[in-house]
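Every number in this text was worked out from the coordinates using simple rules, so none of it is lab data. Keep in mind the model is a prediction, meaning the values are calculated, not measured. In this analysis, Cβ positions are derived from the backbone assuming ideal geometry, glycine residues included, and neighbour counts consider all displayed protein chains.
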Amino acid sequence: MKKDSEKKKKHEADPEAEIKSPDDTGETAGEVTVEDAVPEEDDFEKKYNELLDRYQRSLAEFDNFRKRTAKEKSSMYDDGTRDTVEKLLPVVDNFERALNASEDKENKFYQGVAMIARQLETALQDLGVETIPAGQGEVFNHNLHFAVAHVEDESLGENVITGELQKGYKYKDKVIRPSMVRVAN
C-alpha cells in the first residue's frame, strides 16, 4: 500500500512519469499521451450532430402534437355546436309553423311567439348558423338541397327550385340539414 501512495505522489509531482500498475512485475505501462486522453474531434462532432438531430426532432414532434391537439379541440367544439343546433331545428320549424298558421297578427299570443322565434333565430345566427338559400328561381344544388317533389313547368328552366318545403341550415360551410324543395323539369 505504501508503494502505491508513493507512486501517486511521484506521478502528481511529474505527470509525464511512467506509471506502474500494482501487479507490475517491474515493467512500465505505456505512456499516456494527450491524444489518448482527449477523444477525437470527429467523435465530438458526431455526438453533437446526433444530439442536435434528436433535439430538433423532439421540437418538431412537440409542435405537431400542439397543432394536432388545437385542431382536435376546435373540431370537437364545432361538432358539439352542430349536434346542438340539429336538435334545436325541429323547435325552430314548429315556431315557424305556429306563426304561419295564425291569422290574427295583432294577437298578443302571436306577438309573443314571434318574439321567441326571432330570439331563437338571432341566437343561431350568433353561433354562426346560416340558412341555406332555396327561394323560388334558385338553381338546385344537390349538396345544399333535397328534392322531394318534381314539377313539370316549361316556363322555368331545368333544375330550378319552385318552392321550399322546409328550411335548410349550415354551420361553417357544413350542411346541418339540407333544404327540402320542389324542383322543376
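If neighbour count is taken as other Cβ atoms inside 10 Å, put Tyr110, Tyr77 in order from fewest to most.
Going from sparsest to densest Cβ surroundings: Tyr77, Tyr110.
What GluC sites (Glu not before Pro) does the range 113-185 have in DSSP loop regions with at most 15 other beta carbons within 10 Å?
Here the GluC sites (Glu not before Pro) that fit, given the DSSP loop and packing criteria, are Glu152, Glu154, Glu158.
Say R0 is 41 Å: what FRET efficiency, to the nearest 0.05, do Leu51 and Thr81 get from their beta-carbon distance?
Once the sixth-power term is evaluated, E becomes 0.35.
Determine, from the Cβ-Cβ distance of Asn143 and Phe109 and an R0 of 41 Å, the FRET efficiency 1/(1 + (r/R0)^6), rounded to the nearest 0.05.
0.55
Taking the number of other C-beta atoms within 10 Å as the exposure measure, put Leu124, Leu52 in order starting with the fewest.
In order of increasing Cβ crowding within 10 Å: Leu52, Leu124.
Could you go through the range 113-124 in sequence order and give the Karplus-derived ³J(HN,Hα) for each residue, using 6.51 cos²θ - 1.76 cosθ + 1.60 with θ = phi - 60°, rounded to whole Hz, and x for Gly and Pro?
The phi angles translate into 5, 5, 5, 5, 4, 5, 5, 5, 5, 5, 4, 5 Hz.
For a footprinting-style exposure proxy, rank Thr81, Thr122 by other Cβ within 10 Å, fewest first.
Fewest-to-most Cβ neighbours within 10 Å comes out as Thr122, Thr81.
Convex hull over the Cα atoms of the range 129-185, averaged projected area in nm²?
Result: a mean projected hull area of 3.3 nm².
Long-range amide H contacts for Ile176: which residues qualify at under 5 Å (H placed 1.01 Å from N, peptide plane, sequence gap of 5 or more or a different chain)?
Tyr169, Lys170, Tyr171
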